[in-house]
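Student: Take this structure first; my questions come after.
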Amino acid sequence: MLSQKIIQVFRQYRGIPLRARQAYLNNFTEKMMYRTTKTENPEVTPKMVHDILRKHK
């Protein structure tokens with residue numbers, strides 16, 4: 001990715017309201033946890049990860 005494109009994406013991200021940024025990061029965290037857990041344990045589903053994260057919040 002070109003540095004100009006990265007800067008543009010960060011500027012767009014800063015312009016988004018705080019709640020939308022938090023929702024984006026929560027969704028991103030959930031996806032990354034699913035991907036890493038799926039590698040170690042193929043029986044894991046996205047719903048399982050979602051439920052576990054909701055219990056710990």
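Student: Of all residues in the stretch 33-57, how many are surrounded by 13 or more Cβ atoms within 10 Å (Cβ to Cβ) and either in contact with a Lys or Arg (Cβ under 6 Å, 6 or more places away or on another chain) or more than 20 Å from Gln22 (Cβ to Cβ) (or both)?
Tutor: Final tally of qualifying residues: 4.
Student: Looking at the stretch 13-29, I want the residues that are under 21 Å from Val49 (Cα atoms) and have a partner that is part of a helix (DSSP H, G or I) and open to solvent by less than 80 Å² (accessible area, probe 1.4 Å) with Cβ atoms under 9 Å, at least 6 apart or on another chain. Which pairs are those?
Tutor: Arg21/Tyr13; Tyr24/Tyr13; Asn26/Leu53; Thr29/Leu53
Student: For Leu25, are the conditions met, namely being open to solvent by 90 Å² or more (accessible area, probe 1.4 Å) and aliphatic (A, V, I, L, M)? First the steps, then the outcome.
Tutor: Numbers: open to solvent by 90 Å² or more (accessible area, probe 1.4 Å): no; aliphatic (A, V, I, L, M): yes.
Here the answer is no, as Leu25 does not meet what is asked.
Student: Take the stretch 18-46 and flag every residue that is among the polar types (S, T, N, Q) and within 16 Å of Lys57 (Cβ to Cβ).
Tutor: Gln22, Asn26, Asn27, Thr29
The values are calculated or read from the model by the stated rules, or taken from the named source; none is laboratory data. Remember, it's a predicted structure, so these values are computed and weren't measured experimentally. Positions of Cβ are backbone-derived with ideal geometry, glycine not excepted, and every protein chain shown enters the neighbour counts. These accessible areas exclude ligands, DNA and RNA; they are computed on the full protein's heavy atoms, side chains included. Shrake-Rupley method; radii C 1.70, N 1.55, O 1.52, S 1.80 Å.
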